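Asks: This is the structure, below, for whatever I ask next.
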Amino acid sequence: MSTSLAGRAETPMQARLLAHLRDDGPLSRVQLADRMNVSRTTIAAEVNRLGELGLAHEVGPAASRGGRRSTMVDLAPGIRFVGISIGATGMSVGVTDGRLAVLATRTRECDIRQGPEAVLATALELARETLEECGVERPMGAGVGVPGPVDFHRGVSVSPPIMPGWDGYPVRDAVSRGLGCPVVLDNDVNVLAIGEQHAGVARAARDFLYVKIGTGIGCGIVVDGELYRGVDGCAGDIGHIRVQDFGPTCACGNTGCLEAFSGGAALARDATEAARAGRSPVLAELLAEKGELTAADIGIAVSRGDAQAVQLIRDSGHRVGQVLASLVSFFNPGLIVIGGRVTGLGHALLAEIRGVTYRRSLPLATGNLPIVLSELGDEGGVIGAARLISSSVYAPLGSGAS
Ligand SMILES: [Zn+2]
């Protein structure tokens, strides 16, 4: 088995070859030659070189299509990536193979406000556990997602509103030191969007939005198959779009932000208020039982037929829908995926978001616009983070990762 860690692609053609194998492999040399529009001889030479780099290898004859049999090519079996997806209240860490199939995962509750040292120590501990479970000494690379704005090129988080103590912290370098491999850092929503693109409901979509409604709210933007980050990496920061001139104060310091109305933290706040004001017997009971309420408790109250909880979800979905309607007019996506923990509130929320988005957008833009819930759950972040680093490892040295 090839476990050489030499590997990074040396040329753009090798990088494309590896991406084809990652997304659709194994493929025959003939298929690769067709897809890349080069000769089989060229493919054979590149595959040879990738073999020496420990990145790809030949795995035997392809099924006969008449005439001379082609040879099947696959990624090297020893390639392992780590995906670390850190949210505001919990994290998922996993190990994947070269095609990003998840081999082992761990999830753990963890408050991002504990600061980078404590949170990253937990992430590294989980990563080492999963690596050990998979018998991996050193992974080929690791991808990391954090719930706030990231300077993608420097690998640091920048003024993250819900992450006190993380501003300017060298997350990428810290994880790289901890695992002894190259690391790429991005924000959690971008990571979830590319996870969805690789293995979820967005697999066939070229232009789509991934809207995460967790403690905060953000949006991953995929344009023509590629993640769009914007000039400074904060494209899609829709949680801080103002939906009302006066409103609750947001974690960012402004008032009236979408997130301050519809994020998980806002929902927990409103549920607590409803419970204390005697507007919801079910929420009051849950509050007395638990001492504090989360967005998930609203889901419990809905399942017990609580009218106030249903109203909270409607109001939240309504405001998200208003913002999405504007985004649809601006961007004309082919798909909107809704993800994040608040999607545990499920179909009541989705129905409201759909209703408002469809009502407020032009018919031409919504005629063919599915709005669906993500089905990947926690694994989406692990796959997305692994895909992020795979693109960097599979890209030729010196080129920017994407
Ligand atoms: Zn804000």
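Asks: Using the Karplus curve 6.51 cos²θ - 1.76 cosθ + 1.60 with θ = phi - 60°, work out ³J(HN,Hα) for each residue of region 270-275 in order, rounded to whole Hz, and write x for Gly and Pro.
Replies: Karplus values, whole Hz, x for Gly and Pro: 5, 5, 5, 4, 4, 5.
Asks: Can you give me the % of accessible surface on region 245-379 that is carbon or sulfur? Probe 1.4 Å, all protein chains present, nothing else counted.
Replies: The C+S portion of the solvent-accessible surface of region 245-379 is 52 percent.
Asks: Each label point is 7 Å from the Cα along the Cα-to-Cβ direction; what then is the distance between the points at R113 and A45, in nm?
Replies: 6.0 nm
Asks: Could you give the distance between the Cα centres of region 314-367 and region 111-185, to the whole Å?
Replies: Going from one Cα centre to the other spans 32 Å.
Asks: Further question on the same structure: I'd like the Karplus ³J(HN,Hα) series for region 95-105: coefficients 6.51, -1.76, 1.60, θ = phi - 60°, whole numbers in Hz, and an x wherever there's a Gly or Pro.
Replies: 10, 10, 8, x, 8, 6, 6, 6, 9, 7, 9
Asks: Further question on the same structure: Show me, for region 177-185, the HN-Hα J-couplings you get by feeding each phi into the Karplus relation (A = 6.51, B = -1.76, C = 1.60, θ = phi - 60°), rounded to Hz, glycine and proline as x.
Replies: 5, x, 10, x, 8, x, 9, 10, 10
Asks: Could the peptides 196-206, 262-272 be put in order, highest first, of the mean number of other beta-carbon atoms found within 10 Å of their residues?
Replies: 262-272, 196-206
Asks: Follow-up. When the chain is treated as a GNM, springs tying every alpha-carbon pair under 10 Å, which of A274, A295, A56 comes out with the largest mean-square fluctuation?
Replies: A274
Asks: Could you state the accessible area per residue of the chain in Å², with a 1.4 Å probe and every protein chain left in place? List each step's numbers first, then the result.
Replies: Details: 17380 Å² over 402 residues.
That works out to 43 Å² per residue.
Asks: Same structure, new question: Assign unit charges at the C-beta atoms only (+1 for Lys and Arg, -1 for Asp and Glu), then state the dipole size of the chain relative to its Cα centre in Debye, rounded to the nearest 20. Mind dumping the intermediate values first?
Replies: Values: 37 positive and 42 negative charges, 207 e Å.
For this selection, approximately 1000 debye.
Asks: Taking 0.36 nm per residue of sequence separation and subtracting the Cα-Cα distance, how much length would be gained by fully extending the chain between K290 and E132, in nm to one decimal? Please report the intermediate quantities before stating the final value.
Replies: Numbers: separation 158, 0.36 × 158 = 56.88 nm, distance 3.65 nm.
Between K290 and E132, full extension yields an extra 53.2 nm.
Asks: Related question: Using alpha carbons only, how many degrees (0 to 90, rounded to 10) separate the axis of helix 188-199 from the longest principal axis of the chain?
Replies: 50 degrees
Asks: Among bridges DSSP assigns within the chain, what percent are antiparallel (round to 5)?
Replies: 65 percent
The values are calculated or read from the model by the stated rules, or taken from the named source; none is laboratory data. These numbers were taken from a predicted model, which means no experiment stands behind them. Using ideal geometry, Cβ is built from the backbone for each residue, glycine included, and neighbour counts are taken over all protein chains shown. Please note that ligands, DNA and RNA were not included when accessible areas were found on the heavy atoms of the full protein model with its side chains. Shrake-Rupley method; radii C 1.70, N 1.55, O 1.52, S 1.80 Å.
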